[in-house]
Amino acid sequence: MIRSDRRFWPLATGLALLAGYVDAIGFQHLGGYFVSFMSGNGTMLAVHIVSAEGRPSGAVSILALLLGLFVGGVMIGTLIRLASPRYGQVAVLMLVAMLLAVAAGGGGWPALAMVVAMGALNATFERDGEVSIGVTYMTGTLVKIGQHLARMIAGRGRWAWVPYLALWAGFLLGAGLGAWLFPWCGMVALAAASGAALIGAGASWWLHRAP
């Protein structure tokens, strides 16, 4: 993150907040499955496979579907970035906004659009074909915080950990907002997430046009 253009740091933090918000709503709506934290879903998949002892498990099918949809979302977002290197970020965020609007329309299959949206969101920040800022998973961010705090103690830098802390705090704040709003608004709460993604697309367009 610290090697990325600093002008995009606030956008990254805002998108991390968006991801936390959607993940909390998805977790509650899907009854304990994640829509952006795929490491957690992978762990649960392994546990359910082992505990099934040869018997078919509905949870295994659901988790496999979520993982597949997430990877599909990453692929779609990456293809968009490859097709338009300059404004692909804008297009990805517009796609995320559209998918979240679909998910806000009701439960059932439309809700799975959240997973595709979170997969695509990971293509927002790319450098040399790789994700440069992860906005939907925070384990790596916590590792970076620890690494840069250690470097600060060793006298090899002072504030490099701060952007990563902001990213993690944004995700945590978003998750709290999603957890708070879902009992009141249900899936309609995703309308705000869709609007936020559109705002992010506008911010990205402005940043790319700025000299």
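The values are calculated or read from the model by the stated rules, or taken from the named source; none is laboratory data. What you see is a predicted model, and the numbers here were worked out from it, not measured in a lab. Glycine also receives a Cβ, built like all others from the backbone with ideal geometry; neighbour counts cover every protein chain displayed. All accessible areas refer to the heavy atoms of the entire protein, side chains included, with ligands and DNA or RNA removed. Shrake-Rupley method; radii C 1.70, N 1.55, O 1.52, S 1.80 Å.
Adding -39500 (n - 2.57) for every DSSP H run of four residues or longer, then dividing by how many residues the chain holds, sets the calculated 222 nm ellipticity at -23500 deg cm²/dmol.
Taking the 1.4 Å solvent-accessible surface of the chain as the whole, the part contributed by carbon and sulfur is 71%. For the pair Ala191 and Met75, a Förster radius of 41 Å applied to the C-beta separation gives a FRET efficiency near 0.95, rounded to the nearest 0.05. For the chain, what's the relative contact order in percent, using C-alpha pairs closer than 8 Å and at least 6 residues apart? Worked out over the chain, it gives 36 percent.
Placing a label point 7 Å from the Cα of Trp184 along the Cα-to-Cβ direction, the residues of the range 24-54 whose backbone N falls under 16 Å from that point are 25. Per residue, the chain exposes 50 Å² of solvent-accessible protein surface, assessed with a 1.4 angstrom probe and all protein chains in place. Extension gain, Met98 to Arg6: 0.36 nm times the residue separation minus the Cα-Cα distance gives 30.4 nm. Once both labels are positioned 7 Å from their Cα atoms along Cα-to-Cβ, the gap between Ile199 and Gln147 label points is 3.1 nm.
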